[in-house]
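The values are calculated or read from the model by the stated rules, or taken from the named source; none is laboratory data. As the structure is a prediction and not an experimental result, all values here were calculated from the model. Glycine also receives a Cβ, built like all others from the backbone with ideal geometry; neighbour counts cover every protein chain displayed.
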Amino acid sequence: MLRSPIPRLCCRSLRRPVTWIINHRTYAAVAAEDIPVSRLRNIGIIAHIDAGKTTTTERMLYYSGYTRRIGDVDEGNTVMDYLPAERQRGITITSAAITFPWRNYRLNLIDTPGHADFTFEVARSLRVLDGAVTILDAVAGVEAQTEKVWRQASAHQIPRIVFVNKMDRTGAGFGRTVREVATKLARGGAKVGCLQIPVFENGVEGGAFIGVVDVMDGIVLTWPSDGKSDGRDVKAVPVASYPSPALQEETAKARGALVDTLAELDEEVMELYLEHENAIPTAALKKAIRRCTLGNTLIPILTGASFRNIGVQPLLDAVLDYLPCPADRPPAAITLQGKPGELDDKKNDLCALAFKVVHDPRKGAMVFVRVYSGKLAMGTPITNTVTVGEVPMKERANKLLRMYAMDSEEVTEITAGNIGVILGLKHAKTGTTIISSRDSRTTLQLHPIPTPPPVFIRSLEPTTLSDAKGLDLALEMALREDPSLHVTRDDETGQVLLSGMGELHLEVVRERLLGEFGAKAEMGDLRIGYRETVNGMSAEMEKQVDKEFGAGKRGTASAKAMVEPYEEEEVEEVEVKKTKKVSKKKSKGFGGAPEEMELTRTRTVNGNKITTIIPAGILLPGDLIHGEVHSTLQMAAEVALVRGPLFSAQLHATHVTVAVKDLLTTDPAPTLTALSQAGRLAVVEAIKSVGTGVVEPVMAVTVTVGEKDLGGVVGDISGTRGGTILSLDEDASSDISSVDLDRVYAPPDSTYNARSSTDESAQVRVVKALVPLREMIGYNKSLRSLTGGRGSFQMSVEKFERVNRDKEREVLKEVRGGFDF
Ligand SMILES: Nc1nc2c(ncn2[C@@H]2O[C@H](COP(=O)(O)OP(=O)(O)OP(=O)(O)O)[C@@H](O)[C@H]2O)c(=O)[nH]1
């Protein structure tokens, strides 16, 4: 081990907490529009449900001077959880964005939900964040949803710091949690580094949790433990003068281990060590911590107890010191003309991503954007870009806001690296890329935000006929806000079917439709979102439509279609191909020469693949462009796939090929309408000709139980419920074997506080399994009786799977009724 004694303290380190006092000058400095990008931090707070994300965020707002009192989740008066449904339940549902100052930096912070039903909310926030703070409960350690959001953040290579919260609770274990981070979260050679160790009343030995040691600066930071303090009165004492030799010894060990880790990860530190031996300047080490964190090779770990107002200010410092500013991040990935590339953010052309839409009763649709390059000025005409072959939409950014959770401030521009809100947009929705209308790159797309497939359905009916319009309006708002919500209409019953990610998701949607959006409707029981899939490959079906669409507007077109089974792929793909040469023809009334080659476009939507074809030699009427014809066929196929012939369910894992056969009229609008109908009828016919079977959602289930309940829980899942156990205890995908725990530094856990690792009944075991959603009905109750109320579980959809004949019969019987979950 490299030796690194605690540095001799300079006055600067002792004065540090003074910078935690925010005054009005600091506020004005960071509110300025032209704040340098290096002083910006776009940060997310991510974790398992109840880890303390909102509690921590509320302290951050208080210490920054943004609020004058500390919001309390349990009393339902937080700034961040402002929806009535959130305050009532004490959980976060929608990620709130807030801007506040710390030192002379501006932080844009997003507090994300921890419940599995709202994972999409986390996914869309991660798209626009530069760094994240992962909060862990020191008693529960690394929980299932933390692992999930951690993986999501890893996919975007987002640098993270970990905050081990709730150190005041009995059973808290900092060392144990650090080791869990090393085994469950650290991937690809990344290492953990304790930037702090906890301080208890009796030093390291035990008593109440009162503070932390800043391992780098060698300062003990303590907070009053009387329960009355708001946490501003922090005491800073050099560890060398702190009356606990054990704490001094532990701090030296922690610092040595941190320097060791840095030397392993960072060449500069290794060189400095050779040069200075054991007196590497602290400033150089801190720079190395930043480099390694940004490179995702180091996971810095801090600790505290937000509820007791302990440890939040140093966490804010760490956000500034170790998490990236927008300029530290790699250029955003884009596609231009369907080809992948990187955004040139040095160019001053506007490029922004709409990552969230919220309907405010007074302000209307608020479109949250992150600006990646250039600047968005008030009143700018903007273009919502499209994929190849679609028509871009122009709108105007009438008003711009900077958000303070539910409050806002009007601004004149939003510059690169910043997050803000546009008011007055009618079309932009979650995932839309926005550029200036002067820019010709209308196919420039920042990577889309994928939406997960819905697995639960509830029907919805207006209370009276006159309430139908209000319900439609409310649904329109809900859909633009929440892309993980899907709405279909049952033509036969006139019912609206809402589908979503889980029971809680749909319940919250219901409350918002009826409460906030003022709809009057009855909601049916919860049902499983089964789907249909085609039984095989169909023959080519042809349909012609020859109709009058409005006075004198005749449209005649024919289309042909075929369907076949398809293995689902994860990412949306766009592909435009030209094939086969043919001779040219000209025809009066049609827009110029026919295309010489067949044009093919392929997309995956909703677990299905759709190929649209304009064969060579087809003449387009009027000024139609090929993209419009492709989009018409695409929409026709999508509509046909909404309802299968077996029980009117959404089709899944189906590849549709739909082609223009003939466009026989010269007026573009009615010709396209005729083509749309012909395309839909041809696809419906093709699906009917092969027939369909039932596919069911299969869930990834994580159950957390005590050691003594493990056998019963596993037996129930693999026996009664026909599930497949993937792993017992640790995450199957974690590379535990490659982590040498002897080389991971973590301080010993105080015997007073920590759960003993030999106490079998208290040992937590994690079961991971794949179980059909149908078999998870009533699981809440079963788990409660199997574990005496001590077990908990989470599930999210993993895949859809074809069911066998017997089960198909049962499902068909069942889809007419509801379930009691
Ligand atoms: N003892 C203790 N309790 C805490 C601490 N931090 C948060 N809590 C409590 O833990 C519960 C959950 O806290 P939240 O802040 O709502 O957790 P969250 O992670 O935001 O939860 P979701 O938004 O629902 O995912 C609340 O009852 C808090 O009072 C802490 O440091 N110590």
**Request:** Just give me the residues in segment 147-179 being over 22 Å from Cys292 (Cα atoms) and hydroxyl-bearing (Ser, Thr, Tyr), in sequence order.
**Result:** Thr170
**Message:** Pairs please, first residue from segment 249-262 and over 22 Å from Thr297 (Cβ atoms), second anywhere and of a type in the set (A, V, I, L, M, F, W, C) and in a helix (DSSP H, G or I), Cβ atoms under 7 Å, 6+ apart in sequence or on different chains.
**Reply:** Thr251/Val239
**Message:** If I filter segment 497-525 down to residues being assigned to a loop (DSSP other than H, G, I, E, B) and more than 22 Å from the chain's Cα centre (by Cα), which single residue comes out as nearest to Pro462 (Cα to Cα)?
**Reply:** Lys520
**Message:** Just to be sure I understand, how many residues within segment 267-283 are assigned to a helix (DSSP H, G or I) and at pLDDT below 85?
**Reply:** 4
**Asked** Out of Leu323, Leu376, Leu343, Leu353, which single residue is more than 30 Å from Val181 (Cβ to Cβ), among the aliphatic types (A, V, I, L, M), more than 16 Å from the ligand (Cβ to nearest atom) and in contact with a Pro (Cβ under 7 Å, 6 or more places away or on another chain)?
**Response** Leu343
**Request:** Being within 16 Å of the ligand (Cβ to nearest atom) and not in a helix (DSSP H, G or I) is the filter here, so list the residues in segment 284-317 that pass it.
**Result:** Ile301, Leu302, Thr303, Gly304, Ala305, Asn309, Ile310, Gly311
**Prompt:** Checking Leu136 against (1) out of contact with any Gly (no Cβ under 8 Å at 6 or more places or on another chain); (2) crowded, with 23+ Cβ neighbours inside 10 Å; (3) assigned to a loop (DSSP other than H, G, I, E, B), which test does it fail?
**Reply:** (3)
**Item:** Conditions (1) touching a Pro at 6+ places or on another chain (Cβ under 8 Å); (2) polar (S, T, N, Q); (3) in a loop (DSSP other than H, G, I, E, B); number of the one not met by Ser229
**Value:** (1)
**Asked** Is there a residue in segment 457-467 that is among the aliphatic types (A, V, I, L, M), crowded, with 16+ Cβ neighbours inside 10 Å and within 30 Å of Gly529 (Cα to Cα)?
**Response** yes
**Asked** Exactly one of (1) at positive phi; (2) surrounded by fewer than 19 Cβ atoms within 10 Å (Cβ to Cβ) is unmet by Ala653. Its number?
**Response** (2)
**Item:** Conditions (1) closer than 20 Å to Val744 by Cα; (2) part of a helix (DSSP H, G or I): number failed by Ile197
**Value:** (2)
**Asked** Filtering segment 702-737 down to residues that are modelled with pLDDT of 90 or more and either touching a Gly at 6+ places or on another chain (Cβ under 7 Å) or assigned by TED's automatic domain parsing to the domain that holds Gly607 (or both), which residue is surrounded by the fewest Cβ atoms within 10 Å (Cβ to Cβ)?
**Response** Val713
**Request:** Please list, ordered by first then second residue, the pairs with beta carbon atoms under 9 Å, 6 or more apart or interchain, first in segment 105-132 and not assigned by TED's automatic domain parsing to the domain that holds Tyr66, second within 12 Å of the ligand (Cβ to nearest atom) and of a type in the set (Phe, Trp, Tyr).
**Result:** none
**Prompt:** What strands (runs of 3 or more DSSP E) lie completely within segment 355-434 and have 1 or more residues being free of Cβ contacts under 8 Å to residues at least 60 places away in the same chain?
**Reply:** 364-373, 375-377, 381-384, 393-396, 399-404, 407-411, 419-423
**Prompt:** Which members of segment 225-255 meet the condition of being of a type in the set (Gly, Ala, Ser) and closer than 24 Å to Val269 by Cα?
**Reply:** Ala252, Ala254
